[in-house]
Amino acid sequence: MSMTKVSSALADVTTPEVPSLEHIRRDFPVLHQKVYDRPLVYLDNAATVQKPRAVIDAISDFYAHDYANVRRGVHLLSMRADQAYEGARETIRSFINAADRREIVYVRGATEAINLVAQSFGRTHLQAGDEILVTEMEHHANIVPWQLLCEQLGTVLKVAPINDAGELIMEALARLIGPRTRLVAVAHVSNALGTVNPVADIVRLAHAGGARVLIDGAQAVPHMAVDVRALDCDFYAYSGHKMYGPTGIGVLYGKRELLEAMAPYQGGGEMVKRVSFEEVIYSDPPYKFEAGTPHIAGAVGLAAAIDYMRRIGLDRIAAHEAELLAHATEALQAIPGVRIVGTAAHKAGVISFLMGRAHAHDIGTIMDRQGVAIRAGHHCAMPVMTRFRVPATARASFAVYNTHQDVETLVQATHKVREVFG
Amino acid sequence: MSDLRDLYEDMILDHNRNPRNYPKTPEGANHHAHGFNPLCGDEFTVHLKVEDGVIKDVGFEGAGCAISTASASLMTEAVMGKTEADAEEIFGNVHKLLTEEGGEAYLPKVGKLAVLSGVREYPMRVKCATLAWHTMRAALEDVDGTVCTE
């Protein structure tokens, strides 16, 4: 890869060629295979999304031509790697419309981002008796880090309830924001139910009550345009692998003044300005939170994924997935014995469902043999399962490469489940 | 469909639909254990009434997928009236049948439990099939806490 190519990754523009939706499947090598002699229908996108050739090539090209360690290298490869790595940070900044690239912290994924905020923001600003408010629909990644903090500090975890449709009960949430509420941590989109939460309203309520807001955007960023400044959230966390990028790279957005005031998360190289055995002077954000050699190629791959999504268009991705969701919802509802769990008015492309007396794992196994990859289980959201009094659900979830034929194949596969379980 | 039927044999489907010794806590039960498969959410409690080294009665409660439920039901039938030593031996044979390479060798030793062997082709489901067996064994040995197949 030449320097020109590196600088093209820096450019904050989309190329004029816009792939048509029918041709998008061609960009994903993994989709073109048979499983059990049937065409693969991949509907486990809420767990992780497959990678387009553009991302695979960007990572491979980077390792083949430009790889070296980043920061403080004086040789050419190190400078190229640094340009690609920091260029990716700029791509990420503009993608979520953050004000400043120093507000973009590289992490392993949304889980690490939330743990970072819990430990760094939490230990800096919270004390015993302070309250953290989450919702009943959170992924374990947005529950357990707060429970750990509560064990450490004696802070109190409060939970905003959801209704039978799987929507947040906003009046209850508003009532739970009290004088001791320091932080509201909420999913933008529920991974188990598909519910899209009114996060801008939640931010307004929380700020009015003097609380900060962290949004878990792992299930939102892949499916809709996100503008952290319009939302006015204090923290926003997401993962690269759910948005066509590689595993092991994710993003924590944090308002600059908050990141500056927070204690470091992990200690090591890169996160310090000066070290002696008597004293440490930490780097400024974001480097203060990026100890050790980072996932450099992961950042490059994530930027390539963002470029890819932009070429298609975030609005087109959202519109296509909304069509698939509507199609699948209507088709599944028409099948006797099917119950959809999560029927919010505003949903992203996730359908959790149950079928008569068939357990979710039996549904998953039978569908797998039809070539249909879905998820079965509690989706790391056990409190959601408890709320709906089910041990597990089957879940189909969509990405931009899914087709209406995929939905039809899913429906056909449910007939096999009924054949076995009656 | 034939391969799916190897897993979901009629006997499995029957024991799932109508589990034997379920839900049941035998009167005078003196050994209990709780089993949980976090992967699936399968969760069972096994109760045994053991007298003079013989399993006089057995029952289970809880809920799980078809494989784990049917396997639990078949387990209760298999160990009912057996000595503790026999139950341990049956557990060993079933466990080897389901988990070991070349486990088919144990088919002749397990009688109708051979119906569980279809799970060998579904590695993700082996834990479902073995949960109740591990739980039964934990009950015999009075293991405290929860048996976890993960």
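Values as computed for the structure displayed
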quantity	calculated
Some residue of the range A:271-279 being part of a loop (DSSP other than H, G, I, E, B), closer than 23 Å to A:Ala81 by Cβ and not acidic (Asp, Glu)	yes
Those residues of the range A:301-331 which are buried (at least 20 other Cβ atoms within 10 Å of the Cβ) and within 25 Å of A:Val420 (Cα to Cα), in sequence order	A:Ala328
Some residue of the range A:100-107 being within 23 Å of A:Asn191 (Cβ to Cβ) and in a helix (DSSP H, G or I)	no
Qualifying residue in the range A:364-378 (condition: out of contact with any strand residue (DSSP E or B) (no Cβ under 7 Å at 6 or more places or on another chain), part of a loop (DSSP other than H, G, I, E, B) and charged (D, E, K, R))	no
Any hit, the range A:404-422, residues being touching a residue at least 60 places away in the same chain (Cβ under 8 Å), of a type in the set (Phe, Trp, Tyr), outside any loop (DSSP other than H, G, I, E, B) and touching a Lys or Arg at 6+ places or on another chain (Cβ under 9 Å)	yes
Residue identified as under 22 Å from B:Asp57 (Cα atoms) and within 14 Å of another protein chain (Cβ to nearest Cβ) among B:Asp42, B:Asp6, B:Asp10, B:Asp14	B:Asp14
Tally of residues being among the polar types (S, T, N, Q) and either in contact (Cβ under 8 Å) with a residue 40 or more places away in the chain or buried (at least 23 other Cβ atoms within 10 Å of the Cβ) (or both) across the range A:127-138	1
Output for the range B:72-105, where each listed residue is free of Cβ contacts under 8 Å to residues at least 12 places away in the same chain and either buried (at least 22 other Cβ atoms within 10 Å of the Cβ) or on the phi < 0 side of the Ramachandran plot (or both)	B:Asp86, B:Glu89, B:Gly92, B:Lys96, B:Glu100, B:Glu101, B:Ala105
Residue match in the range A:298-309 (condition: in the same structural domain as A:Arg80 (by TED's automatic domain parsing) and in a strand (DSSP E or B))	no
A:Thr124 being under 13 Å from A:Leu252 (Cα atoms), of a type outside the set (A, V, I, L, M) and either without any contact (Cβ under 8 Å) to a residue 24 or more places away in the chain or in a helix (DSSP H, G or I) (or both)	no
Leading residue by the ranking (nearest to B:Thr45 (Cα to Cα)) among those in the range B:69-85 that are touching a Ser or Thr at 6+ places or on another chain (Cβ under 9 Å) and within 14 Å of another protein chain (Cβ to nearest Cβ)	B:Ala72
Sole residue being part of a helix (DSSP H, G or I) and farther than 30 Å from A:Ala413 by Cα, chosen from B:Ile55, B:Ile90, B:Ile12, B:Ile67	B:Ile90
Some residue of the range A:163-185 being touching a helix residue (DSSP H, G or I) at 6+ places or on another chain (Cβ under 6 Å), in contact (Cβ under 8 Å) with a residue 40 or more places away in the chain and closer than 30 Å to A:Val400 by Cα	yes
In the range A:204-243, the residues that are part of a loop (DSSP other than H, G, I, E, B) and either over 8 Å from the mean Cα position of the chain (by Cα) or surrounded by fewer than 24 Cβ atoms within 10 Å (Cβ to Cβ) (or both)	A:Gly209, A:Gly210, A:Ala211, A:Ala220, A:His223, A:Met224, A:Ala225, A:Val226, A:Asp227, A:Asp232, A:Cys233, A:Asp234
Residues of the range A:359-394 that turn out to be at the interface with chain B (Cβ under 10 Å from one of its Cβ atoms), aliphatic (A, V, I, L, M) and either within 23 Å of the chain's Cα centre (by Cα) or buried (at least 22 other Cβ atoms within 10 Å of the Cβ) (or both), as a count	7
Matching residues, the range A:187-203, being part of a strand (DSSP E or B) and either farther than 26 Å from A:Arg339 by Cβ or not aliphatic (A, V, I, L, M) (or both)	A:Thr195
Options B:Pro108, B:Pro123: the member that is surrounded by fewer than 23 Cβ atoms within 10 Å (Cβ to Cβ), more than 12 Å from the chain's Cα centre (by Cα) and over 28 Å from A:Ala373 (Cβ atoms)	B:Pro108
Residue that is surrounded by the most Cβ atoms within 10 Å (Cβ to Cβ) [pool: residues in the range B:19-36 that are in contact with a helix residue (DSSP H, G or I) (Cβ under 7 Å, 6 or more places away or on another chain) and not in a strand (DSSP E or B)]	B:Pro19
Single match in B:Gly59, B:Gly64 (criterion: over 19 Å from B:Asp3 (Cα atoms) and away from chain A (no Cβ under 14 Å))	B:Gly59
Residue, nearest to B:Leu7 (Cα to Cα), within the range B:102-137, restricted to residues that are small (Gly, Ala, Ser) and within 12 Å of another protein chain (Cβ to nearest Cβ)	B:Gly118
Qualifying residue in the range A:316-339 (condition: in contact (Cβ under 8 Å) with a residue 60 or more places away in the chain, over 30 Å from A:Met385 (Cα atoms) and not in a helix (DSSP H, G or I))	no
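The values are calculated or read from the model by the stated rules, or taken from the named source; none is laboratory data. This is a predicted model, so every value here is computed, not measured. Heads up, the Cβs are rebuilt from the backbone with ideal geometry, glycines too, and the neighbour counts pull from every protein chain shown.
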